[in-house]
Structures are given as C-alpha cells and as structure tokens.
Amino acid sequence: MGYDVIIGSRSADRAKEKVDELLEKWPDRTLAIEAGDNAAAAGADVVVIATPWDGATQTAASVREQLGHKVVISMANALTRIGKEFQPLVPPRGSVAASIQAVVPDCKVAGAFHHVPAKELGDLDHPIETDVLICSDHEEATALTTELIQAIPNMRPLDAGELSQSTPIESFTAVLLQLNVRYKTRVAVKFNGLPDSLTGLPKKPPRAAVAAGSDADEDANAT
C-alpha cells in the first residue's frame, strides 16, 4: 500500500510477536511495519482502532494526549452471540465510533471497515472485492479514510454520511455474520447501481443548507 505501519498493544512485546508473525507469513513482501505500545501507535499520522469493541473507548482514552487532533478510524462492531444468533448491541452513544468520538472530542473520528471479513482483509495474496462504507462528521477524516481504502486492491470507498450512520452500519454486521454461519462462507458487501468509474467523494451540502432544504420542503407540502 505504500504506508508505514506501527502495530500497537498494551504490551510492546505482544505487538512485537504480531509483527514477527506477519513478517514470517509474508517473507517475499516488503512490509514496512514495526511494533510498539499503544502510545507509540497513537503517534502515527492516522490511527486505526482495531481492538475488540468493549475495549475501544478505553484504548482511545488512554492515548488521548498522543491522538491530539488526528484522524482516528474505528472499525469495531458491538455484537454478541446468543445461542446460534448474532445480535447487535447498542453502546451508550449509539455506536462504538460515536463512543470513541465522545472520549476524544478533539479527534476527527471516522467509522469504516465494519463489514470487511478480518481473515480476508489480512490475506495479501487474495484481495477481497468489497465496498467499504465510511461515516464521519469531519470531511478530512472521510477524505483520508477514502485515500487509505483506495490503496487496497479491489476495495471501493463509499461516503455513507455523518457519524450517526455508524449505528445501523455497525449493527448490520450481525446480519453478515449470520449469513456466514448459515451458508458456511465469508460474505462481503457490494452495492449495485453506482457508477463503475466512481472516484472521489460526493460533495456534501453544509448542514445549514440541509436544514433550509428541509424547511422548504415542509413549506411546499403545506401549500
């Protein structure tokens, strides 16, 4: 992809084990990855929080100083399994991404990669073809996340709106996991009806314009 990566963990030694594992798995590739603790990883230009969902906000809060005003990408889904069924959970802020934004308010949080199977994402020899929904309240976060996704073969970034959309996006992951179990496969999301040559991001109207448009629609309906 052309990016330098720092893998972080509460224990730098544990992160080192993961880096060694990846380098051993892909000896023919030049992987610019190094290990560190969470504070070291939070020193990167863009930070991806890929912890289990119930540790995501604590992890972000623990490195708040290092995160500063950076773009932070949340890819966790709040889910549980009850019997044979996967069920979505609703964190206090409505989603994991929104909960992270609340604990690091100076950061620009984006939700992304929620529907990408983890195993397939890590298979460098067989890129998975999928769309990746991005949601954020910050245009810079959406743009940087889009740039990262475009660097991954066969992935198409789609701007799904503001961070409030992370609630249904994260919850839908339970449906995908259920399909995996029922059909013994690994599903990926691909949307039809969009131009094949889709590049870049649609231009968002300012919030004031959206509100004004809604008021105009109500006035038109009233007449």
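Taken together, the values in this text are just the output of simple stated rules run on the coordinates, not laboratory data. If you're wondering where the values come from, they're calculated on a predicted model, not measured in any experiment. With ideal geometry, Cβ positions are generated from the backbone for all residues, glycine too; neighbour counts draw on all protein chains shown.
Here are the numbers for the structure shown:
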{"quantity": "Computed over the stretch 42-222: relative contact order in percent, which uses C-alpha pairs under 8 Å that are six or more apart", "calculated": "19"}
{"quantity": "Beta bridges by DSSP in the chain, antiparallel share as percent, to the nearest 5", "calculated": "25"}
{"quantity": "Label-reachable residues, the stretch 129-147, where backbone N falls under 12 Å from a point 7 Å from residue 194's Cα toward its Cβ", "calculated": "130-135, 146"}
{"quantity": "Gain on full stretching of the segment that runs from residue 184 to residue 150 - 0.36 nm per residue minus C-alpha separation", "calculated": "9.4 nm"}
{"quantity": "Calculated [θ] (222 nm, deg cm²/dmol) that DSSP helices of n ≥ 4 give over the chain, each run adding -39,500 (n - 2.57)", "calculated": "-11500 deg cm²/dmol"}
{"quantity": "Virtual spin-label span in nm between residue 79 and residue 25, 7 Å along Cα→Cβ", "calculated": "1.8"}
{"quantity": "Candidate aspartates and glutamates - alpha carbon under 15 Å from residue 184, same-chain residues fewer than 8 apart omitted", "calculated": "85, 120"}
